[in-house]
Structure formats: structure tokens, C-alpha cells
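Below is one structure, written out as C-alpha cells; comments come after it.
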Amino acid sequence: MKSLFLSPQPIDERHGGGAVMLALLRKEHAAGTSEVIEIHRGQPSSRATRHFRSIGLLKLALLQLALPVLPFDFFSRFSIGLLRYLRSLGRQKVVFNYNQLLIYPLLARELISEIVVHDVMHDMWRSHAGLRRPFWRLVRFWERRFVCWLPANSTLVFLSEKDRDMLARGVRCQTRVIDLPALLASSTAQRRTPERQTLMLAPGVRVGLLGAWNRPENSSGAQAFLGALEPDVRNGLLIRVAGPGSEHLPDGPSIEKLGFVDDLGDFFDGIDVFVAPLNYGAGVKIKVLNALEYGVPLFLTEKAVEGIELPTGYPFFVATDCRQLAEHFNHAYARS
């Protein structure tokens, strides 16, 4: 049986939770990759060109007002042509991106669907908006109704037990959690030698931060971390910040703002340690998985490591929050 991967972006895209999830699943399907059909929007194949044509219906867009579980561009991905094509496949196996493409396994119910979940939407809304958006409870209500409507031949695929417990109570479809340690161990990325895996903090050590800095959980965490570093520590380290919106973070003589990076491998090769300062946020943090894949030592908050089982013997330090993480840097920094 072939596996058809359906994604809004090319499956080998290096950025974004959905793309990473699909890449992990592709490793699971490695034995049959020669038969995998990829349908996406970024660089469509001839088959995708024929069958994946978004028609942007205003009436469907207006439904988002009634269904706030869909803050993502859910309906902009909807295509009658693609739906007809998927229904014509019968019991073909198809892998979907939950956050943007859940509509298809709900409507093409004969498919054997794997639906990869990298963000539980109601948790993301609560984490990002807090009590300023009281209708997050309505988001939770609709999201749980949606997954309960999935047919029994579907499988919800999660990165962590935490996300499965949060979303998949009472569903009739199957659920499973990806074996992250096994997939990361099979990575083709260049791993670091043991002598490069150190948590040493001293002048000239290259510290990496990665994220979409227009997202408040990322920007507020980075600002709290950088602001709590002592001046000689902040100026002694080389802090490399990658990701869109980095220009909005604090300036400093030792802070290098890279913006969007095309190749995460080059970014991780150019740092000695990786820092994920988060006080809040939803789901498993993909950037922490990226750093694990490249063998970079980790400085994390409890929220950043939530749902991730760090390998035994791997070099890492976990703090309660961003300020405590900065305090650890201040005390551990070896001043020359």
C-alpha cells in the first residue's frame, strides 16, 4: 500500500512543527519512500497541480466566527477538487497535517488516515491568550468534538503522551505516540563528538536561540532571559538569534540577529549551546527536538522540555523559568 503525504508545504521543509512531524513520519515509512506521493502547496507536483486547488470560499471563511477552534488558515486549504480526488482513493493510506488539514479525514471517511498533531489548538489558545480570550473554552469544546467525529479507521499521531491525554479522551479512532528517541537516533544529521558536547559557559561561547519571535511566548521568554543576564555575562557570550522577527529583540554588542535561516544545520553548527527560554507555550517544542537531532547541549526551562524525554547522559540543564535560567548563566559563567 502506498502512503500519500498531504502537507501545505514541501515535506522536506526544515521549519515548522507540521513539516517536522511529517518528516519524522516519513522516516517511519522509509521502506516505501519510493512509492510515497507528496501533495503540498509550495512546489506542487503534476498530480498536486491537478488535484490541490484552493477555492477560498467566503461562506466557509465566515464559519470561523462560529468555530473558533480554527484560528489557523483551515478553510483556505479546502479544495473541492482535492476532496473528490481523496474520495476516489477508497481505502488508500494518507498522512495529514492535523492543524491545517483535518477537514479531509472528516469528509473522506473511507481513507485510512494518519493525522499528525504537533499543537493541541485549545492549549495553544489558552497559553497564548490567557484570560484575555475567554472563548478558549469554546475552542476546546469544538476541537474535542472534531476529533470525536473522526472515523474508527483514522489514527491520531502525537509527539508526546501529554498531548494525547489532552486531546484524545473519548475518541473512537486509534491513537499512538511517535517513538522520538528511535527516530532521532536514525537521523542523518551530523552529530557532535563528545568533546563538543559541553555545558561550559565562558567568554566566547556561542549561545543559540531559535524561534518565531512574533509569537509572544518566544519573544517574552527571550526578553526575560536576556534582560536578567548580568552585563558582563551577556556581553562576554556570543548570542546568535535565528528566526523571523529577531530584529524586535533587544540589541547588544554580542547579540547577532540572523533572521530567518535557510539551513538549520548551519545554524546548529555555528553554536556551542542552545537555549530555549519559555515561561509558557503549547505542545512539544520542535526547536528542542532540532537541537537534540544535532547533538547540541541544552539549557531549557521546564515549559520548553515539557513532553520530551531527554536521552540518558545527554548534556542539559533545566530551570524553573526564564529568570532562573539566566541566574544559572550568571553563576556558572567562568569569568576570565
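When the stretch 204-227 is examined, which residues are found to be aromatic (Phe, Trp, Tyr) and part of a loop (DSSP other than H, G, I, E, B)? Hit for the stretch 204-227 is 213, nothing else.
From the list 232, 263, 272, the lone residue that is more than 15 Å from residue 215 (Cα to Cα), acidic (Asp, Glu), touching a residue at least 60 places away in the same chain (Cβ under 8 Å) and in contact with a strand residue (DSSP E or B) (Cβ under 6 Å, 6 or more places away or on another chain) is 272. The set of residues from the stretch 304-325 being under 15 Å from residue 221 (Cα atoms) and open to solvent by less than 30 Å² (accessible area, probe 1.4 Å) comprises 304, 305, 319, 322, 325. Among the residues of the stretch 296-333, those identified as farther than 29 Å from residue 167 by Cα, of a type outside the set (Phe, Trp, Tyr) and at pLDDT 85 or above are 296, 297, 315, 323, 324, 325, 326, 327, 328, 330, 331, 332. Tallying residues that are surrounded by 23 or more Cβ atoms within 10 Å (Cβ to Cβ) and of a type in the set (D, E, K, R) within the stretch 286-303 yields 1.
The values are calculated or read from the model by the stated rules, or taken from the named source; none is laboratory data. Note that this is a predicted model, so its numbers are computed, not measured. Glycine also receives a Cβ, built like all others from the backbone with ideal geometry; neighbour counts cover every protein chain displayed. Heavy atoms of the whole protein, side chains included, go into the accessibility calculation; ligands, DNA and RNA do not. Shrake-Rupley method; radii C 1.70, N 1.55, O 1.52, S 1.80 Å.
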